[in-house]
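The values are calculated or read from the model by the stated rules, or taken from the named source; none is laboratory data. These numbers were taken from a predicted model, which means no experiment stands behind them. All Cβ positions, even for glycine, are placed from backbone atoms using ideal geometry, and neighbour counts span all protein chains on display.
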Amino acid sequence: MAKLVDHLVRALSGKSLPEVIAGNLAGDLETVLHPGSGSSRQTRSAASDFVQQLKSGGADRAQIELVREDLRRFLPALQADADSDAPAHQFRFALSDAPKYDKFVLVEDFETGVDIFKTWYQASWSTGIVATYDAEHKSSGRFGLTISNTGPPERNSSLAKIPMPYQDIHGMNALRMWIEPYGMDSARGSVSTGFIDGSKEIWQIDLPGMLAGTEPYILQVRLADFRRVLRRNNGVIDLENQDFAFWMSGTFKFTVDDIMFVHDPAIPEFVPQPAP
């Protein structure tokens, strides 16, 4: 701990951090040092984000690398079989068997046709994503969006959209979208999804097997199944969408359309609960 503090002080010496970055650093560090019953993936994700926040804040690069090594001493061992914060319930449905919904809040239907990077963005650490409107592969309307990247399994990338204004998702109990996969090897790439809520907590969920197969399907995740939260504040989903995102690793390709938060009358109403 003493080494971490010393290297962190040196990394930030003479720097004046923006309030948002300082807050993100504090939340990440709390998650790393006091993980509670959170998953090992959550703890490692917070450590990774802490390093990225230091870079965004202009900290000394050499000291950042020392901080990265210090943080690794606090991280749990990688346990492949138990290292996924996957949904507790079925989340992949054939189109013919897709759940019904009676209310929704639309995140994106990709119908504008404008440059996707005018409305979506890559995080500063993310490179190489190819995102193109696709008139052939889609759920409805004119376009879906085909997203791809190539690289080793440890290469991370992200694509996100900030809705303006932020979206009130009270009354919704699931996140839903249309997906077409391309038979990608899950050992070479993976996808998670989630959003930043009303208290600026990042909620993520892993989607094992999302890239497998070639038939379009409906991906629907219950909000109650989200349990990985970064930069913890109150550890409760505050029902507002401030930033929807995909987080990917390695080599992947999928087409997405009609992203929305929905109310599915066949599943329990969502009552926000503290994260583990």
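Tally the residues that are in contact (Cβ under 8 Å) with a residue 40 or more places away in the chain and either buried (at least 20 other Cβ atoms within 10 Å of the Cβ) or under 16 Å from Asn233 (Cβ atoms) (or both), restricting the search to region 16-25.
Number of matching residues: 2.
Scan region 175-186 and report the pairs whose first residue is in contact (Cβ under 8 Å) with a residue 40 or more places away in the chain and whose second residue is among the charged types (D, E, K, R), with Cβ atoms within less than 6 Å and a gap of 6+ or a chain change.
Trp178/Asp257; Trp178/Asp258; Tyr182/Lys253; Met184/Lys253
I want to confirm something. Restricting to region 106-161 and keeping residues that are surrounded by fewer than 13 Cβ atoms within 10 Å (Cβ to Cβ) and touching a Gly at 6+ places or on another chain (Cβ under 7 Å), which single residue is farthest from Ser186 (Cα to Cα)?
So, considering only residues that are surrounded by fewer than 13 Cβ atoms within 10 Å (Cβ to Cβ) and touching a Gly at 6+ places or on another chain (Cβ under 7 Å), the one farthest from Ser186 (Cα to Cα) is Gly128.
Could you grab me the full set of residues in region 108-128 that are in a loop (DSSP other than H, G, I, E, B) and aromatic (Phe, Trp, Tyr)?
If the condition is that a residue be in a loop (DSSP other than H, G, I, E, B) and aromatic (Phe, Trp, Tyr), then Phe110, Trp120, Trp125 are the ones that fit.
Working only within region 1-15, note down all residues that are assigned to a helix (DSSP H, G or I) and surrounded by fewer than 12 Cβ atoms within 10 Å (Cβ to Cβ).
Ala2, Val5, Val9
Can you tell me which residue is surrounded by the most Cβ atoms within 10 Å (Cβ to Cβ) among those in region 183-205 that are in a loop (DSSP other than H, G, I, E, B) and of a type outside the set (Gly, Ala, Ser)?
Selected residue: Asp197.
When you look at Ala77, is it surrounded by fewer than 17 Cβ atoms within 10 Å (Cβ to Cβ), touching a Ser or Thr at 6+ places or on another chain (Cβ under 9 Å) and over 22 Å from Pro274 (Cβ atoms), yes or no?
Yes; evaluated as a whole, the condition is true for this residue.
Conditions tested, residue by residue: (1) of a type outside the set (Ser, Thr, Tyr); (2) in contact (Cβ under 8 Å) with a residue 60 or more places away in the chain.
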position	(1), (2)
Ala98	yes, yes
Asp109	yes, yes
Thr119	no, no
Ser140	no, yes
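Taking Gln90 as meeting all but one of (1) within 30 Å of Met164 (Cβ to Cβ); (2) surrounded by fewer than 16 Cβ atoms within 10 Å (Cβ to Cβ), write down the number of the exception.
It is condition (1) that Gln90 fails.
Would you mention how many residues in region 36-50 are over 14 Å from the mean Cα position of the chain (by Cα), buried (at least 21 other Cβ atoms within 10 Å of the Cβ), of a type outside the set (A, V, I, L, M, F, W, C) and assigned to a helix (DSSP H, G or I)?
Total satisfying the criteria: 1.
Of all residues in region 38-74, which are among the small types (Gly, Ala, Ser), in contact with a Ser or Thr (Cβ under 8 Å, 6 or more places away or on another chain) and at pLDDT 85 or above?
If the condition is that a residue be among the small types (Gly, Ala, Ser), in contact with a Ser or Thr (Cβ under 8 Å, 6 or more places away or on another chain) and at pLDDT 85 or above, then Ala46, Ser56 are the ones that fit.
From the list Ala131, Ala77, exactly one residue is among the hydrophobic types (A, V, I, L, M, F, W, C), over 22 Å from Leu223 (Cα atoms) and part of a loop (DSSP other than H, G, I, E, B). Which is it?
Ala77
Can you name the residue in region 208-222 that is among the hydrophobic types (A, V, I, L, M, F, W, C) and surrounded by 21 or more Cβ atoms within 10 Å (Cβ to Cβ) and is also nearest to Gly235 (Cα to Cα) among such residues?
Across region 208-222, the extreme among qualifying residues is Val221.
Of a type in the set (Val, Ile, Thr), surrounded by fewer than 22 Cβ atoms within 10 Å (Cβ to Cβ), at pLDDT 95 or above and not assigned by TED's automatic domain parsing to the domain that holds Ala22: is that true of Thr251 in this structure?
yes
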